[in-house]
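The next block holds one structure in the form of structure tokens; read it before the comments.
We did not get these values from a lab; they are worked out from the coordinates using the rules stated. What you are looking at is a predicted structure, and each value in this text was computed from that prediction instead of being measured. All Cβ positions, glycine included, derive from the backbone under ideal geometry; neighbour counts span all protein chains shown.
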Amino acid sequence: MNINNKVSAVLTDEQLANITAAIATISANLPFLIELTARMKQQYPTIGTERSGMLTVFTAAMQNHPQFVPAYVDMAELLKDVALWERMLTPLMQLRAQLALVEDTHHALGHDIYMPFLSFYHTLKDAARRNIPTAEELQGTLGSWFERSAAEPETPPATE
């Protein structure tokens with residue numbers, strides 16, 4: 001066992017199936033979800049959680065002073081959107097928190113895997129310098145995984 005191992009766990013087939021089913025349940029209960037492009041996200045002004053107070057203040061003002069509401073604004077649809085925005089906030093925060101944990105754990109697992117690979121490769125390089133049979137050939141095969149260019153991101157070599 002690696003003494004620096006950050007994560008030591010097993011994800012069973014049953015657990016993975018349960019997770020997949022739970023995500024499918026979430027998706028089935030949110031059939032109205034849409035996907036925005038990066039450009040659309042930049043172009044659409046929005047209300048974030050820091051401005052959530054606007055919901056109460058503006059909807060009350062618009063309902064109390066309908067003479068100032070533009071004719072193209074459908075108040076019923078606006079109130080429906082406000083209610084949905086508020087109701088989605090709880091699952092949004094829960095999902096963000098879980099996603100952050102999943103991403104952090106996956107990242108730590110990548111580290112747990114990469115470091116022993118790197119140690120193996122360094123040992124292999126030393127063995128190749130000492131002319132130990134097959135070490136140089138194996139170093140040549142595995143070495144491309146550790147080559148990096150300052151101008152390009154790391155990409156794995158093509159497998160044959």
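Among the residues of the range 90-106, none qualifies, meaning not one is surrounded by 10 or more Cβ atoms within 10 Å (Cβ to Cβ), over 19 Å from the mean Cα position of the chain (by Cα) and over 30 Å from L118 (Cβ atoms).
Looking only at residues of the range 31-50 that are surrounded by 10 or more Cβ atoms within 10 Å (Cβ to Cβ) and free of Cβ contacts under 8 Å to residues at least 12 places away in the same chain, we find that the one that is farthest from T90 (Cα to Cα) is M40.
Across the range 116-144, the number of residues qualifying as among the hydrophobic types (A, V, I, L, M, F, W, C) and surrounded by fewer than 14 Cβ atoms within 10 Å (Cβ to Cβ) comes to 4.
The residues in the range 60-94 that are in contact with a helix residue (DSSP H, G or I) (Cβ under 6 Å, 6 or more places away or on another chain) and part of a helix (DSSP H, G or I) can be counted, and the count is 1.
Pairing each residue of the range 68-80 that is touching a residue at least 24 places away in the same chain (Cβ under 8 Å) with any residue that is surrounded by fewer than 10 Cβ atoms within 10 Å (Cβ to Cβ), provided the two are 6+ apart or on different chains, yields no C-beta distance under 8 Å.
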